[in-house]
Structure formats: structure tokens, C-alpha cells
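Here, each number is a calculation from the coordinates, and none is a lab measurement. As the structure is a prediction and not an experimental result, all values here were calculated from the model. Glycine also receives a Cβ, built like all others from the backbone with ideal geometry; neighbour counts cover every protein chain displayed.
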Amino acid sequence: MTSSVVRAAVAADVPSIVDLEAEAFPLDPWSTNLVAEGVSGSLPTVSYVVADLAGAFAGYAVVSVVDVAELQRIAVLPTLRRSGIATALLAAVHAQAAEGGANQVLLEVREDNIEARGFYERHGFTELGKRARYYRDGTTALVLTAPVTMVP
Ligand SMILES: CC(C)(COP(=O)(O)OP(=O)(O)OC[C@H]1O[C@@H](n2cnc3c(N)ncnc32)[C@H](O)[C@@H]1OP(=O)(O)O)[C@@H](O)C(=O)NCCC(=O)NCCS
């Protein structure tokens, strides 16, 4: 399979990101305005990266780097999952984190999100704690962490 190319998001990516938000995060999708604001660079700590496969949008990730790097979103089009695209996005997230001086990536994941938990486990994330009833539907969040590496 052609490998994906990861790049900084641009304004033309906003509709694709918003559509995937609705599919991947149906209980809490980010709005067009919020995504457009983040992609425009007007939120100084926030970076959006996009993966293209054969020149077409395949997925995205959002990271906020302050003292640590917080992975806020990562999602891949359903038909393209299990082909290494999120792994490529995560490598870009680690690179952003390293560039911003962070040495740790943190994230929250739904306890019932088996796919994402499998993905994070594969990439060396370990559990730091739990946040009970963190999500709108009452689901617990697991807080996961991994050391920043250039090649996850
Ligand atoms: C989680 C997600 C981003 C993974 O994306 P992906 O492109 O399929 O991941 P990759 O192909 O890079 O997966 C790499 C490894 O992660 C693990 N993994 C990925 N999907 C998995 C699954 N469904 N079950 C178990 N392990 C999985 C595997 O070890 C996999 O390697 P393998 O395919 O050689 O076994 C994708 O499932 C997704 O978009 N989910 C919806 C959005 C979401 O829940 N995001 C996370 C929010 S915290």
C-alpha cells in the first residue's frame, strides 16, 4: 500500500476534519468554527496535522504543547484503519512535542474505546490514572502517558 504523508493542516482540510470528528467523536464533535480556529494557527499552543494517502485526506491529529504535549484528537477514516496511518500521525505528534520542549505525551481515552486503547498500548502508553464520569455519557476516562520519542 502507498504510505501516507503527514503535513500541517490547511484551511481546505477543515470540512474533512469536521466530517471525521462527527464520525469518530459523535458525543462531543468539534465545530467547524473551533476546527477552523485551530487550523488557522490562532491558538498558539495547538497544532493540527493531517495524513494524506495517495493525495487524499486520510486522518488527522491535534496536539497542544505547553510543558507536556496533550494529544487532543487522533482519528483515521474508518475504511483506512489498521494500515498504519495513525502510527504516522503519532510520529508527527511526537516530533511536535519534541520541538516544543515536551518530554511527555498525555491523553485521555474512553475506557470502552478498545481500538484506541490497543493503538496506544502498541505505542508504549501506560495508564497514569482514571477520571470517573469524564465523558458526557458517564464513561470513565483513562489518562495515558508516554515519553516523547522521535520515532514512536
Ligand atoms: C485509534 C485509531 C486512531 C487507530 O488508527 P489506525 O490508523 O487504525 O492505527 P494503525 O493502523 O496505525 O495501528 C497501529 C497498531 O495499533 C493497534 N491497533 C489499531 N487498531 C486496533 C484495534 N482496532 N484493535 C486493537 N489494536 C489496534 C495495533 O497494534 C496496530 O498494529 P497492527 O495493525 O499491526 O496490529 C482509529 O481506530 C480511529 O480513528 N478510531 C476512532 C477515533 C478514536 O477513537 N481516536 C482515539 C481517541 S482517544
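Overview of values
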{"item": "Of Val35, Phe125, Val66, farthest towards positive along the dipole that unit charges on Lys, Arg, Asp, Glu beta carbons give the chain", "result": "Phe125"}
{"item": "The chain, helix-only ellipticity at 222 nm - DSSP H runs n ≥ 4, -39,500 (n - 2.57), divided by all residues, nearest 500", "result": "-9000 deg cm²/dmol"}
{"item": "From phi via Karplus (6.51, -1.76, 1.60), per-residue ³J(HN,Hα) for the range 81-97 in Hz, x at Gly/Pro", "result": "5, 6, 10, x, 6, 5, 4, 5, 5, 5, 4, 5, 5, 4, 5, 4, 4"}
{"item": "The range 96-144 - convex hull of alpha carbons, volume per residue in Å³", "result": "86"}
{"item": "Phi-based couplings in Hz for the range 102-114 (Karplus 6.51, -1.76, 1.60; Gly and Pro marked x)", "result": "7, 10, 9, 9, 10, 7, 10, 9, 4, 4, 8, 8, 4"}
{"item": "15 Å cut-off, amide nitrogen to a point 7 angstrom out along Asp52 Cα→Cβ, residues in the range 118-152", "result": "none"}
{"item": "Exposure proxy order (Cβ contacts within 10 Å, fewest to most) of Ser83, Ser40", "result": "Ser40, Ser83"}
{"item": "Convex hull volume per residue for the range 5-147, taking Cα atoms only, in Å³", "result": "104"}
{"item": "Contour excess over end-to-end distance, with Cα ends at Thr145 and Leu43 and 0.36 nm allotted per residue", "result": "34.4 nm"}
{"item": "Hydrodynamic radius of the range 6-54 per Kirkwood, over alpha carbon pairs, in Å", "result": "11.1"}
{"item": "Estimated distance in nm for a label pair at Asn103 and Asp19, the labels positioned 7 Å out from Cα along Cα-to-Cβ", "result": "4.3"}
{"item": "Point-charge dipole on Cβ atoms (K/R +1, D/E -1) for the range 5-147, about Cα centre, debye to 20", "result": "240"}
{"item": "Percent RCO, i.e. relative contact order, over the chain, from Cα pairs under 8 Å lying at least 6 residues apart", "result": "19"}
